[in-house]
Amino acid sequence: MKILITDGISPEGAKLLTDAGHEVCENKLTPEELVAKIGAYDCIIVRSATKVTKEVIEAGKNLKVIARGGVGVDNIDVKYADIKKAGHNVAERKEWLGDWKPDDFNLTKAKKKIDK
């Protein structure tokens, strides 16, 4: 699975994802850059700085998972994600990003489905 991380993650968290076979790209992007580039990714992991808007979701033709580290999903258009992407996973994780594991967002399961 190709994962875009826009608001940072601990090196340990990124390593866990990479070790699980995911391709991880860490990039801070402007809203315009995010819309232009999100189509190449299967998953986006954000914290509070990145806004996952209707436009981002629409441009994310390959998105299967939207993950948010921290409390709440007020920076994600969850309503549009639910309408636009049937079966789309919007996940919230409240612990420190270094504690994330690929299975916390079912990334490993999602990758297995994609590979079939």
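The values are calculated or read from the model by the stated rules, or taken from the named source; none is laboratory data. Nothing here was measured: the structure is a model prediction, and the numbers come from that model. Counting neighbours? That spans all protein chains shown, and the Cβs are built from the backbone with ideal geometry, glycine included.
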If we keep only residues of the stretch 29-49 that are closer than 23 Å to residue 72 by Cβ and at pLDDT below 95, then the residue surrounded by the fewest Cβ atoms within 10 Å (Cβ to Cβ) is 49
The residue that is modelled with the highest pLDDT, considering only those in the stretch 61-97 that are among the aliphatic types (A, V, I, L, M), in a helix (DSSP H, G or I) and more than 18 Å from residue 31 (Cα to Cα), is 83
When every residue in the stretch 50-60 that is part of a loop (DSSP other than H, G, I, E, B) and not β-branched (Val, Ile, Thr) is compared, the one surrounded by the fewest Cβ atoms within 10 Å (Cβ to Cβ) is 51
Residue hits (the stretch 1-28; without any contact (Cβ under 8 Å) to a residue 40 or more places away in the chain, surrounded by 19 or more Cβ atoms within 10 Å (Cβ to Cβ) and assigned to a helix (DSSP H, G or I)) are 14
Residue pairs within 8 Å by beta carbon, gap of at least six or interchain, first lying in the stretch 67-83 and in contact (Cβ under 8 Å) with a residue 60 or more places away in the chain, second assigned to a strand (DSSP E or B), listed first then second, are 69/45; 69/46; 69/93
